[in-house]
Structure formats: structure tokens, C-alpha cells
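Let me begin by presenting the structure, written as C-alpha cells, before commenting on it.
Every number in this text was worked out from the coordinates using simple rules, so none of it is lab data. In this text the structure is predicted, and so the values were computed from the model without any measurement. Neighbour counts run over all protein chains shown; Cβ positions are idealised from the backbone, glycine included.
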């Protein structure tokens, strides 16, 4: 029965990982949409100021308060969602199994020595 217990454990772990990925995707999408709304609010505010200046007047306080309030609301919500994304990303990752490959060693990622010249057929930058 040990194999069934291990299988159940692995399936539960995979299910939790999939659920976490879905949750993160939902938050990312919501943050993206909120950021789009903030951009549209900023654009509306910019157009209102531009049109007011073009007509030689100032933007009335009521319009400015309404447009800047909308922008501030969307900015606050977007910041909250981005913080939530950061918190999701900072959450502890599931334990790796012994079947996972080891991380690459630092010698594999290091660039070639600087004293080596590139081959003659490759121009240097």
C-alpha cells in the first residue's frame, strides 16, 4: 500500500501546485485589467486638461476631482493586486523530490576566460 500512499501524496501536491498557478493567473489578469483601467482614467484626465487648456480655460474642480479620484482608486487597487502577486511569489515553494535534477553548477554558467580571443572568422564587437 506504500505505493498508493506515495501516489496520493504526489497527486495532492500536483493539485495544490495547479491550484496555486490558477490563483496566481487570476490575480495577474485582474491586476492587468485594473492597470488598464488606471491608464484609461489617466488618459481621460489628460484629455480633459488638454481640452480645457485649448479652450483657454482651466479644468473645473468637479471634473478634476472626479477624474483624479477614479485614477487614484484604480492605482490603489492595482498596487494592492501587485503586492498580492509579490506575496504569492514570495510564498515557500514545494519541497523538491530527489528525482529533480540538481541545479547547474557555477562553472557551467560562467563566461569563457577573457584572455581567449574569438576565432578569426567571428568579428569582435
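Computing FRET efficiency as 1/(1 + (r/R0)^6) for residue 19 and residue 76, where r is the C-beta to C-beta distance and R0 is 25 Å, gives about 0.35. As a calculated quantity, the FRET efficiency between residue 58 and residue 33 at R0 = 41 Å, using C-beta atoms, amounts to about 0.80.
In the range 41-84, one over the average inverse separation of all distinct C-alpha pairs is 11.3 Å, which is the Kirkwood hydrodynamic radius. Binning all Cα-Cα separations of the range 11-90 at 10 Å, short to long from zero, yields these whole-percent fractions: 18, 32, 21, 15, 9, 4, 1.
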